[in-house]
Each structure stands twice: as C-alpha cells, then as structure tokens.
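Here's the structure we're looking at; comments come further down.
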Amino acid sequence: MADIKEPLVEITKDGLRVISTEVSEKLAKKKLSASAITGLQGCPASWLANSFVTNLIVEQEPDNAARRGSMFHQVMENFFALPKEQRTQKAMKEQVRAVLASDEYKDLAEIRDAVLWLRAAVNGYYNMHADADPSEVVIAEIESIAPNGKGTAFGEALDKINKSEDRDKGFIGRALENVLSSGKFYRLSKNEEAVRWAKKTLKSYLETYGFNAVEDEAIAARNELIFKGNRSVDPGLEIFVIGRIGNASRDTLGYIDRVQETGREEGSDVSTEVMVEDWKSGAKAKQYKPNTRAKNPEGLAEQRQQIIYSILLEQEKGVKVTGARLIYPVARQVIEVDLTDEKLRERVIADVEAADAQLTDHIERNLFEYSPSILCSWCPLVKVCPSAKTFNHVEKARVALESQPSVDVLEKGFKLTRRR
Ligand code: SF4
C-alpha cells in the first residue's frame, strides 16, 4: 500500500473536496475514458474517490473480478498474437498455463475457484462460437504515425548537422545526442533500437547525399525517412487510441482489446477496414434496447465504449470501422453494436461533451457531489459517506456493504469532517 502521510480528499456534507496538490495536478491532466464518463454520470464523489484515493489505501483481495478479467484478456491477447495456423485448442491450453504461471497471475493459480473460472471462460469462448474458427481470424495491421518519433529526431539532427561547421569524428553522434536530450524525445532516448536506427540512417543519408543537400531527390529521401521513422504497423491487439471527440476540451482515450481486419485496399500494406471487439468477462451480457426511455439504460455504457473506440480509431488511425461487438465468453453471448445508428452516435458524442464539461465544473468548484443509489453498497465510501443509501433488505447489497473498507482504513486517505 502507498505510504500516505496526509489525507488527500475531504469528505464534506455536500460532496468530496480535493485537499492534496498532487491529486489536483493529476485531475487537471485527467483524460476522459469510457469508464470515467460512466463514473461521472453515476456518482461524481465515488468516481473521484476510486480514481485517486481508494487504490492507494484499500488492500484488494488477490482474487477479484477485475483481476480475473485481466487474466482472461491476457490469455486471449497472447493466443491471438500467435500466427493464424498456430491458434489450436492445444495452443490455447498452453496460453492458459503460461498466464497462470506468469509473475502477474501466479498467485491466482493457487486459488482453485479462479483457475476454474478462467477455464470456464475459455471453454465459453469455444462453445459460443463468437469466432467461427480462431485460426481464420485476421488480426488487423494498424498504421500509426507518431509525432516525435525517431524520424523526427533524425530530421532535427540532420538540420543541426547541416547548420554546424563540425565535421570531426563523432559529430553525428553528438548532434543526435543533443536532439535526444530535449524533453520532447525523453522516451525515444531510452529506446536503444530507435536511437541506433536514427544514427545509422543519418550516416547513410550523409554518405549518399552529403551536407546541405538541396536537390529534390535528397529532400524526397529525407522526407521519406522521416515518414518511415515515424510510422509503425501494430497488430490489432490492445490498441491504444486517444483523441478529441465532439467539442470536448480534453482527450478521450482507451485500449481496444481486438481489432479484426474486414478489408484491405489493393496495394495497401495495412488494414483499411476493421471491426472493433471487446472481451467482457462479466457473468451477464448487457443487452442494449435502443427504444427504451430509461435515462441510463442497461448496456448503454458498453455500447458507448465501442462507439468511442470506433470514432477514435477512425480519427486517429485512418481506418474505416465497419462493425463493433462485445464478446461475453462467461455469459456465452455476443452483443452487436449498431454503428449505423446515428441517434446513438449523436448521444455518445453528447455524453462525452457533457462529461467533459461536468469534470471541468467539478474541478473549478472543487466539489464532487454525491449521487446516492442502490449502487452505494458497492462503493468503498459507503461507511463514511453522509449521503449513502443502504438496502440491507436486499441480500446482495447487504453482503457487498459488509465487504467495504472500514472507517479506520478510509481515514488514511480521506479527511472525515462528519461521521455517520
Ligand atoms: S456511498 Fe453512494 S452517494 Fe456516497 S459516494 Fe458512494 S456512491 Fe456516492
């Protein structure tokens, strides 16, 4: 557990207030995500507590739903990273074994229920036939053009070399080091392979075109090398996406579990049409009914996540997203997301914009209000929150409440101004 000297957040009668400079700074830089939007729509106080405090002070049971889900995700990611022809049932069993033996999950390997759960989830995947044949799944090849990649560093070092009078031994290395020492290339400077590429490319460029090369051919070669150095082609597994949605003032980000190729333009070396997919390890599939009047209908959060991913993937990676689906191996169900539903898409964009404005408002007022509901029993603040609602007559809610952290534990991260 983190060593927290002072409480980070104060619990007041109106809501939570941040009292730690560190948390304020993190909040100011906070990006949106599908889960943040759902959290802010639910209870802003609970969202703040869970995002910045409870993970630092509350010891988690090793076997919990989130870790089981991550373990299953890891098996599927490793399995689909295998070449198509190697994706046999035997290989899947090997991946299960390897993940259970890994440092990350070896403690869960000792817990019989967790191991049985993982096996049942994998069996569920096979029995539900979400993929007609795993060896037929074409994992997309996604192009990324990274600003400040090794191509940019190469270009900046070349400019330096051309402007300098230095021609002694080691001047190429020095020019490159000089560029890489700026904060902008911090991560790149730690990547030995990328640094080697930039140095080798500088040498061979200068050997071919010399210094101050201004001929069209030299300029074209330079631009091509910058492009090549800033481009990567990644398999569609755990793809990171980030970007602005609608008129939101901050970025939204996420990781897409699996991206399948559904089309490729002739001559392209990357996928041009794809389907986004998410593994959902919950016991119940969340079916969304478009015509419901409910404010927060079941399944909307999951649909919203996939639509956000589709928008970001199209915006950031230049592919066309032709479909999206949620795969529930435990519930053995696939839920399709209708990307042609314009109303739903507009609603999702409006939700992102509203969450963005809401977060700005909470930060400006330094107040994250309570929004009590039946879910209070599953909130770690339930034993200290002045607005908590409890439903002790509901067995599940009573059991959940009992398992929430005690006042003594919460006092390490929260300043309590009023005890219940
Ligand atoms: S107990 Fe209920 S009202 Fe209080 S912070 Fe948690 S979810 Fe919100």
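Tally the residues that are aliphatic (A, V, I, L, M) and surrounded by fewer than 12 Cβ atoms within 10 Å (Cβ to Cβ), restricting the search to segment 211-232.
Qualifying residue count for the region: 2.
Of the residues Phe368, Phe414, which single one is under 21 Å from Ile19 (Cα atoms) and touching a His at 6+ places or on another chain (Cβ under 8 Å)?
So the residue among Phe368, Phe414 that is under 21 Å from Ile19 (Cα atoms) and touching a His at 6+ places or on another chain (Cβ under 8 Å) is Phe368.
Please give the number of the condition Ile335 fails out of (1) touching a strand residue (DSSP E or B) at 6+ places or on another chain (Cβ under 6 Å); (2) touching a residue at least 60 places away in the same chain (Cβ under 8 Å).
The failed condition is (2).
Any idea which of Val321, Val259, Val274 is part of a strand (DSSP E or B), touching a helix residue (DSSP H, G or I) at 6+ places or on another chain (Cβ under 8 Å) and free of Cβ contacts under 8 Å to residues at least 60 places away in the same chain?
Answer to the selection: Val321.
Output the number of residues of segment 40-62 satisfying the condition of being surrounded by fewer than 21 Cβ atoms within 10 Å (Cβ to Cβ) and near the ligand (Cβ under 10 Å from one of its atoms).
Residues flagged as surrounded by fewer than 21 Cβ atoms within 10 Å (Cβ to Cβ) and near the ligand (Cβ under 10 Å from one of its atoms) within segment 40-62 amount to 2.
Give me the residue from segment 166-208 that is more than 21 Å from Ala218 (Cα to Cα) and among the aromatic types (Phe, Trp, Tyr) and, out of that set, surrounded by the fewest Cβ atoms within 10 Å (Cβ to Cβ).
Tyr186
One residue is enough: does segment 10-26 have a residue meeting the conditions touching a strand residue (DSSP E or B) at 6+ places or on another chain (Cβ under 6 Å), surrounded by fewer than 18 Cβ atoms within 10 Å (Cβ to Cβ), among the small types (Gly, Ala, Ser) and assigned by TED's automatic domain parsing to the domain that holds Trp378?
The answer is yes; a qualifying residue exists.
To keep it simple, each residue is scored yes or no on (1) at pLDDT 95 or above; (2) aliphatic (A, V, I, L, M); (3) farther than 18 Å from Asp131 by Cα.
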residue	(1), (2), (3)
Arg231	no, no, yes
Ser249	yes, no, yes
Asp257	yes, no, no
Val274	yes, yes, no
Lys286	no, no, yes
Thr292	no, no, yes
Val319	yes, yes, yes
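Please tell me if Glu298 is within 30 Å of Lys29 (Cα to Cα) and not in a strand (DSSP E or B).
Criteria not met by Glu298.
Run Gln358 past the list (1) within 16 Å of the ligand (Cβ to nearest atom); (2) more than 24 Å from Lys29 (Cβ to Cβ) and report the number of the one that doesn't hold.
If we test Gln358 against (1) within 16 Å of the ligand (Cβ to nearest atom); (2) more than 24 Å from Lys29 (Cβ to Cβ), just (2) comes out false.
Just one of the numbered conditions (1) within 16 Å of the ligand (Cβ to nearest atom); (2) surrounded by fewer than 14 Cβ atoms within 10 Å (Cβ to Cβ) is not true of Thr340; which one?
(1)
Name every residue in segment 362-373 that is near the ligand (Cβ under 8 Å from one of its atoms), over 9 Å from Ser46 (Cα atoms) and at pLDDT 95 or above, in order of residue number.
Answer for segment 362-373, where residues must be near the ligand (Cβ under 8 Å from one of its atoms), over 9 Å from Ser46 (Cα atoms) and at pLDDT 95 or above: just Pro372.
Of the conditions (1) near the ligand (Cβ under 10 Å from one of its atoms); (2) under 29 Å from Asp257 (Cβ atoms), Ile349 fails just one. Which one is it?
Of the numbered conditions (1) near the ligand (Cβ under 10 Å from one of its atoms); (2) under 29 Å from Asp257 (Cβ atoms), the odd one out for Ile349 is (1).
Name the residue, out of Gly254, Gly229, that is part of a strand (DSSP E or B), within 25 Å of Glu141 (Cβ to Cβ) and not aliphatic (A, V, I, L, M). Before the answer, list the steps.
Working: Gly229 fails: part of a strand (DSSP E or B).
Checking each option against the conditions leaves just Gly254.
Only one of these is outside any loop (DSSP other than H, G, I, E, B), hydroxyl-bearing (Ser, Thr, Tyr), over 23 Å from the mean Cα position of the chain (by Cα) and more than 23 Å from Tyr255 (Cα to Cα): Ser377, Ser387. Name it.
Details: Ser387 fails: outside any loop (DSSP other than H, G, I, E, B).
Step by step, each of Ser377, Ser387 is checked, and only Ser377 is outside any loop (DSSP other than H, G, I, E, B), hydroxyl-bearing (Ser, Thr, Tyr), over 23 Å from the mean Cα position of the chain (by Cα) and more than 23 Å from Tyr255 (Cα to Cα).
Kindly indicate the residue of segment 376-408 that is over 29 Å from Glu6 (Cβ atoms) and of a type in the set (A, V, I, L, M) and also modelled with the lowest pLDDT among those meeting that condition.
Within segment 376-408, the match that is modelled with the lowest pLDDT is Val394.
Under 6 Å by Cβ, and 6 or more places apart or on different chains, what pairs join a residue from segment 25-51 that is more than 12 Å from Asp356 (Cα to Cα) and among the aromatic types (Phe, Trp, Tyr) with one that is part of a helix (DSSP H, G or I) and within 15 Å of the ligand (Cβ to nearest atom)?
Trp47/Gly39; Trp47/Leu40
Looking at Ala81, is it small (Gly, Ala, Ser) and either over 26 Å from the mean Cα position of the chain (by Cα) or more than 18 Å from Asp257 (Cβ to Cβ) (or both)?
Spelling it out, it is not the case that Ala81 is small (Gly, Ala, Ser) and either over 26 Å from the mean Cα position of the chain (by Cα) or more than 18 Å from Asp257 (Cβ to Cβ) (or both).
With segment 8-123 as the region, which helices (runs of 4 or more DSSP H) entirely inside it contain at least 2 residues that are β-branched (Val, Ile, Thr) and within 27 Å of Leu410 (Cβ to Cβ)?
Correct list: 21-29, 34-42, 54-57.
Considering only segment 396-419, how many residues are within 20 Å of Glu61 (Cβ to Cβ) and either part of a helix (DSSP H, G or I) or within 15 Å of the ligand (Cβ to nearest atom) (or both)?
Number of matching residues: 16.
How many residues, within segment 374-395, are more than 7 Å from the ligand (Cβ to nearest atom) and surrounded by 14 or more Cβ atoms within 10 Å (Cβ to Cβ)?
8
The values are calculated or read from the model by the stated rules, or taken from the named source; none is laboratory data. Quick caveat, the model's predicted, so the values are computed rather than measured. In this analysis, Cβ positions are derived from the backbone assuming ideal geometry, glycine residues included, and neighbour counts consider all displayed protein chains.
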